[in-house]
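Here is the structure we will look at.
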Amino acid sequence: MSTAEPDLRAEGLHLGYDDRAVVSGLDLAVPPGRITAIVGANACGKSTLLRALARLLAPRDGAVSLDGRALHSIPTRELAQQLGILPQSPVAPEGLTVIDLVNRGRSPHQTWWRQWTKADEQAVHDALAATGTTDLADRAVDELSGGQRQRAWIAMAVAQGTPVLLLDEPTTYLDLAHQIDVLDLVVDLNRREGRTIVMVLHDLNQACRYADHVIAMKKGDIVAEGAPADVITAETVEDVFGLRCQVTTDPVSRTPLVIPVGRHHAPEPDSDSEEQESRPRKQ
């Protein structure tokens, strides 16, 4: 993997599907060597932006560039050596084993004159070890639990050896324990290897805990970006999600902790406090 810090950015980006515009005139510079989380309400353009950063969606206007070169001008094999993508809910062919899946991560490094090498073998070995999937190597991907399966896919992306890794909702459909396992793994990859990681997340508290840089999107625009403590405020959450909340400090990570305020949990006026105390509590 290259040790140079990658420069991934978008300028004047316009994205959409058919007649529907999703992103208009967006500018973005991804902080190199850091973990960036993109957050926002459903259909705000998070995954659309990530797909454009991965060259899975062609811009209508504007451009995405990597190290000063437009993505569309970079040969596919060369780009796959620099940038990896893990889409939402990837599906493996039936019966494919974990080791075969992870081996596929080395495909961008293969040519007709350069077949499997010791370096490829070591990269796969290291990827399995880094993701805790060594013991799963001979098992079929479609027989694994959700958390194990997600780790296997991340192992493939790790084996690809790219300095930039894009993850689209990597914790979707996972229970809480597996969500934390996957996010801890993301931090390990960043801290041990200096990989630049961009991930779309739904959980604001997890974004605050695990990201160095947070991008908040609304209707295809970036409304705030920066350190979690600067972005995740009660005002921004209400603007982006239409949700009243209180933001306090997470007692474990010391990062912002969002506490939603629903209709049934809104604070009562002070004048009614005595009446509230006299009411019987629900058991």
Completion exercise
residue 32 vs (1) at pLDDT 95 or above; (2) surrounded by 21 or more Cβ atoms within 10 Å (Cβ to Cβ); (3) assigned to a loop (DSSP other than H, G, I, E, B): all pass except (2)
Practice task
Confirm whether residue 186 is farther than 17 Å from residue 40 by Cα and either open to solvent by less than 60 Å² (accessible area, probe 1.4 Å) or out of contact with any Lys or Arg (no Cβ under 7 Å at 6 or more places or on another chain) (or both).
Solution key: yes
Practice task
Could you tell me which of the residues 77, 55 is in a loop (DSSP other than H, G, I, E, B), in contact (Cβ under 8 Å) with a residue 24 or more places away in the chain and among the basic types (Lys, Arg)?
Solution key: 55
Exercise for the section: Just one of (1) within 30 Å of residue 180 (Cβ to Cβ); (2) in contact with a Pro (Cβ under 8 Å, 6 or more places away or on another chain); (3) open to solvent by 70 Å² or more (accessible area, probe 1.4 Å) trips up residue 77, so point out which. Expected result: (1)
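With the condition being of a type in the set (Val, Ile, Thr), in contact (Cβ under 8 Å) with a residue 60 or more places away in the chain and touching a strand residue (DSSP E or B) at 6+ places or on another chain (Cβ under 9 Å), I'd like the strands (runs of 3 or more DSSP E) fully within segment 129-229 carrying at least 3 qualifying residues.
Working: elements: 164-168, 196-200, 213-218, 221-226.
Correct list: 196-200.
Looking at residue 50, is it hydrophobic (A, V, I, L, M, F, W, C), out of contact with any Gly (no Cβ under 6 Å at 6 or more places or on another chain) and part of a loop (DSSP other than H, G, I, E, B)? Let's see the steps before the verdict.
On the way: hydrophobic (A, V, I, L, M, F, W, C): yes; out of contact with any Gly (no Cβ under 6 Å at 6 or more places or on another chain): yes; part of a loop (DSSP other than H, G, I, E, B): no.
Spelling it out, it is not the case that residue 50 is hydrophobic (A, V, I, L, M, F, W, C), out of contact with any Gly (no Cβ under 6 Å at 6 or more places or on another chain) and part of a loop (DSSP other than H, G, I, E, B).
If I go through segment 222-246 residue by residue, how many of them are touching a Leu at 6+ places or on another chain (Cβ under 7 Å) and open to solvent by 30 Å² or more (accessible area, probe 1.4 Å)? Lay out the reasoning, then the answer.
Keep residues of segment 222-246 that are touching a Leu at 6+ places or on another chain (Cβ under 7 Å), which gives 222, 232, 237.
Now narrow it down to the ones that are open to solvent by 30 Å² or more (accessible area, probe 1.4 Å): 222.
The number of residues fulfilling the criteria is 1.
Can you tell me how many residues in segment 19-29 are over 13 Å from residue 214 (Cα atoms) and buried (at least 16 other Cβ atoms within 10 Å of the Cβ)? Break it down stepwise before answering.
Here is the first cut: in segment 19-29, the ones over 13 Å from residue 214 (Cα atoms) are 19-27.
Now restrict to residues that are buried (at least 16 other Cβ atoms within 10 Å of the Cβ): 22-24, 26.
Residues in segment 19-29 being over 13 Å from residue 214 (Cα atoms) and buried (at least 16 other Cβ atoms within 10 Å of the Cβ): 4 in total.
The values are calculated or read from the model by the stated rules, or taken from the named source; none is laboratory data. Treat the numbers as computed from the prediction; the structure is a model and nothing was measured. Here Cβ is always computed from backbone atoms with ideal geometry, including for glycine, and neighbour counts include all displayed protein chains. With ligands, DNA and RNA removed, areas are computed over all heavy atoms of the protein, side chains included. Shrake-Rupley method; radii C 1.70, N 1.55, O 1.52, S 1.80 Å.
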